[in-house]
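I have placed the structure first, in the form of structure tokens, so that the comments after it can refer back to it.
Just so you know, all these numbers are worked out from the coordinates, no wet-lab data involved. The model shown is predicted, which means the values in this text are computed figures rather than measured ones. Note that each Cβ is placed from the backbone with ideal geometry, even for glycine, and that neighbours are counted across all protein chains shown.
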Amino acid sequence: MTFEDIHLPYFDLLLAQLEQENTKLELAFGRHVHWGYWSEPPQGVVSPEDFAQAAENLTKKIYFAANTKNNQRILDVGCGFGGTIASLNENFSGMELIGLNIDIRQLLRAQEKVKAHSGNTIYFEAGDACALPFPDQSFDVVLAVECIFHFPERSKFFAEAWRVLKPGGYFALSDFIPQNFFSPLTAFSSGWPFARGFFGRCNLQYTLAQYRSLAQAMGFKGRIEKDITENTLPTYSFLRALGGELGIKDLSAKVETGIAEWTSRLGLLRYRILSFEKLKSK
Ligand SMILES: C[S@@+](CC[C@H](N)C(=O)[O-])C[C@H]1O[C@@H](n2cnc3c(N)ncnc32)[C@H](O)[C@@H]1O
């Protein structure tokens, strides 16, 4: 798979607005491109500064779920503008940090924005999550922050994560996971016209039970399964207000965000952080 095979209109909009130096967007999505985490979710619309802090909180939750510590070699798959790599760079030392993305435009921005310090090295590479361009057993940690639903197949990505991890290494991700009974209804998310909508192809059909059996089949031991849906909900009012200010007319942007919001508020779609350890022997 190459970038030509995927189409993510939300990134086209983001890159165009960032190019025009839209300061609100720069604050909210110039570093991380994912939902926020509030330990005590506030009422009302949050500021771009507050949203940026919440996005940083979510990233940290995910890399701490992967047992991250100093002096590790870490792969961040679907790295966006390099926000997770930037956060690791700021909080750890002696790290070898590699960000992988299928979209070269995002990698160019990441390269420009994120500079290594504290004895860390940083490298951004183009590639597909389901065909990782790295040798076997070469990472201590693999991360996939809010991106797995775009990948062609979760099972292929899991096999690749397992292959590149050292024995005893950790793999952590976040995903929108439907409740079992609701999963068949989320078929809409990966079919036409949604696959051509604002958020591109998103497969929101994969259940927690499927994750558990995939991990087990692969030789991963499940470590953390955290449901943080409630902590992410202020993201939706923020997105609605921002969309209004930017004058986003794209109907699919409103419909897709609205469906994600209401299925989440109703408890049908859960935002979860999952982490796994690659067992030393299968
Ligand atoms: C919602 S963004 C998350 C970006 C980043 N992880 C963050 O949290 O800021 C989803 C990311 O997945 C990337 N992506 C989508 N399909 C991919 C694939 N097959 N291989 C690698 N990256 C992919 C997109 O280019 C985008 O950067």
Discussion item. Largest first and in whole Å, what are the equivalent-ellipsoid semi-axes of the range 198-282 based on the Cα gyration tensor, each being the root of 5 times an eigenvalue?
Written reply: 33, 13, 11
Worksheet item: When M95, M1 are ordered from fewest to most other Cβ atoms inside 10 Å of their Cβ, what list results?
Response: M1, M95
Worksheet item: Taking θ as phi - 60°, what are the ³J(HN,Hα) couplings along the range 52-61 by the Karplus curve (6.51, -1.76, 1.60), each to the nearest whole Hz, with x for Gly and Pro?
Response: 4, 5, 5, 5, 5, 4, 5, 4, 5, 3
Discussion item. Looking at the calculated P(r) for the range 28-74, what percent of the C-alpha pair distances fall above 13 Å?
Written reply: 59
Item to complete: Give, as a single signed number, the net charge of other residues whose beta carbon lies under 10 Å from the beta carbon of C130, with Lys and Arg counted +1 and Asp and Glu -1.
Response: -1
Fill in: Residue-wise HN-Hα coupling along the range 199-205, computed from phi with Karplus coefficients 6.51, -1.76, 1.60 (Hz; x: Gly, Pro)
8, x, 6, 10, 9, 10, 9
Worksheet item: Along the range 86-102, what does the Karplus equation 6.51 cos²θ - 1.76 cosθ + 1.60 (θ = phi - 60°) give for ³J(HN,Hα), rounded to whole Hz, x for Gly and Pro?
Response: 4, 5, 4, 4, 7, 10, 9, 10, x, 9, 10, 10, 10, x, 10, 8, 7
Practice prompt. Please list, in chain and number order, the residues 5+ apart from E125 or on another chain whose amide H is under 5 Å from its amide H, with Hs placed from the backbone.
Written response: G99, L100, N101
Fill in: Cα-only radius of gyration and Dmax that characterise the chain, units Å
17.7, 54
Worksheet entry | Base-10 log of normalised Debye intensity for the range 127-274 (one unit scatterer per alpha-carbon) at q = 0.09, 0.12, 0.14, 0.21 Å⁻¹ | -0.31, -0.55, -0.73, -1.35
Item to complete: Provide S118, S252, S174 in ascending order of the number of other Cβ atoms located within 10 Å of each residue's Cβ, fewest first.
Response: S118, S252, S174
Worksheet item: Across bins of 10 angstrom width beginning at 0, how are the C-alpha pair distances of the range 1-92 distributed, in whole percent?
Response: 14, 41, 33, 11, 0
